[in-house]
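Readers should treat all values here as calculations from the given coordinates under stated rules, not as data from a laboratory. Given the structure is predicted, the values throughout are model-derived calculations rather than measurements. Cβ: placed from backbone, ideal geometry, glycine included. Neighbour counts: every protein chain shown.
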Amino acid sequence: MIQASGCIFLSLSTNRVMFQQRSSTVTHANTWGFFGGKSENDERPIETLLREIEEELGMVPDIQRVIPVNKFTATNGNFIYNSFVAIVQDEFSPILNNESDGYCWVKVGNWPLPLHPGAKVQCKSKQFVKKINTIYEQHTIY
């Protein structure tokens, strides 16, 4: 079985999320999706996510909190994808590795195109959008 984890970053100061543009050398090339990747050895989903963030961003930003938002399991049970929202106070500029051709910060619902097939399923879900908006509201109430 293959497990993977990925996230979008949510900036509390701008209420925008960051997406990764996948490079032309990876599957689903030149599409926009979440930062992340496959688990190694016996990693837990959050361990996979943090390792992948450091690999793909060249650093780990000052993450205030990581919140699980979805767990997709393929019908045959051979693939599981854990999605997270990583909360940061401010937008930042990553130093991308060769798995990415770019990144962008966008308002929720103003998704970059074309979306990675997995990201598309989530981003088109009203429940997913509601979760992101709820996370933002809960973390900006004083």
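Considering segment 2-140 at the alpha-carbon level, its Rg and Dmax are found to be 13.9, 41 Å. Mean sequence separation of contacting Cα pairs (under 8 Å, at least six apart), scaled by the length of segment 1-115, corresponds to a relative contact order of 39 percent.
Ranking Val26, Val66 by Cβ neighbours within 10 Å, fewest first, what do you get?
Working: Val26 14, Val66 17.
Exposure proxy ranking, most exposed first: Val26, Val66.
Sorting Ile80, Ile141, Ile53 from the fewest to the most surrounding beta carbons within 10 angstrom yields Ile141, Ile80, Ile53. Where both bridge residues fall in segment 2-140, DSSP classifies roughly 70% of the beta bridges as antiparallel.
For a straight C-alpha distance cut-off of 22 angstrom, the lysines reachable from Lys71 (same-chain residues fewer than eight places away being disregarded) are Lys38, Lys120, Lys124, Lys126, Lys130, Lys131. Distance between the pseudo-spin-label points of Val129 and Asp101 (7 Å out from Cα toward the beta carbon): 2.7 nm.
Note on Cys7, Cys104, Cys123: ascending count of other Cβ atoms within 10 Å places them as Cys104, Cys123, Cys7, the fewest first.
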